[in-house]
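S.K.: Below you will find the structure I want to go over with you.
None of the figures in this text is laboratory data; all of them are computed from the coordinates on show. Remember, it's a predicted structure, so these values are computed and weren't measured experimentally. Heads up, the Cβs are rebuilt from the backbone with ideal geometry, glycines too, and the neighbour counts pull from every protein chain shown.
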Amino acid sequence: MSAPIDPEKNTAKSTATVACNNSPHNATTNPVQYLDPKSQSRRDFIQGTGVAVVASATLGGVSFESARAASPDTPSATLTPIAITINGQVHQLQVDARWTLVEVLRDQLNLTGTKIGCDRSECGACTVLMNGKAVYACSQLAVWADGADVLTVEGLAQNGNLSPLQQAFVDHNGPQCGFCTSGQLMSATALLQNSPSPDANQVRAALVGNLCRCSNYMAIVEAVVATGAVTGAAVAGKPDTPRRGLSV
Ligand code: FES
């Protein structure tokens, strides 16, 4: 685990669990693959993240800690122009250096399908795909996402039709209260794009960073396995089919 939190000195925003190594600016030196079922558990992810936070005081010129430490009531002196492709649409935005990606998605773009649960890299409710990888959007500064390709839960359905994975969640009663569902869907989408026909253990490992307070894990795993059984078979029949962007 990362270093213990001293409640006298730390706030929720200043814990060592923020996923600074998820930054796309860091991708070439330390790509995060925390949802890779072959290589890392949730504990591995958190441990690695804690080390990376210590080692990476600043990323892309802006540190998560310093950016978030400023009082939210104090207007930022400047806004930074960024361009993010979200669900296939390019957005030109002016963002405060303190804003996280999930705040921009929800508050600036009204993409409220991405949820905020813990707001500190623990629950997975805020999971989105950034450049094809699952990341916690609560732990990404929006300025880090400049130039990135982001997929949110709103981008899964096509032409009004649920994706096969979304339909499988419905068929297998994957959502209970539903609050974690969008994050579960995004992590499962990342898994299926890389492992088209995962077994139950692979699904459990891939979704280890997505908590469900209803404890509906069995149904969620069933839904993902069932999706892979169908869409994975389709991919197996078309070996040249690019997996990234595959509708799952
Ligand atoms: Fe981001 Fe919980 S809200 S991990």
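S.K.: Volume per residue, Å³, of the convex hull around the alpha-carbon atoms of region 121-217?
M.R.: On the way: hull volume 10.1 nm³, N = 97.
Normalising the Cα hull of region 121-217 by residue number yields 104 Å³.
S.K.: Further question on the same structure: Sort S139, S215 by Cβ crowding within 10 Å, fewest neighbours at the top. Could you put the intermediate results ahead of the total?
M.R.: On the way: S139 26, S215 9.
Sorted ascending by nearby Cβ count, the order is S215, S139.
S.K.: Tell me, M186, M130, M218 in order of fewest to most beta-carbon neighbours within 10 Å? Let's see the in-between values first.
M.R.: Details: M186 28, M130 24, M218 13.
In order of increasing Cβ crowding within 10 Å: M218, M130, M186.
S.K.: Which net charge results when you count Lys and Arg as +1 and Asp and Glu as -1 among the other residues whose beta-carbon is under 15 Å from that of P175? All intermediate terms of the calculation are to be shown ahead of the outcome.
M.R.: Working: positive: K115, R213; negative: D171, E222.
Within the 15 Å Cβ shell, the charges total 0.
S.K.: Hey, what's the Cα Rg ratio for region 61-165 versus the globular rule of thumb, 2.2 N^0.38 Å?
M.R.: On the way: Rg = 13.8 Å, N = 105, 2.2 N^0.38 = 12.9 Å.
Rg over 2.2 N^0.38 Å, computed on Cα atoms: 1.07.
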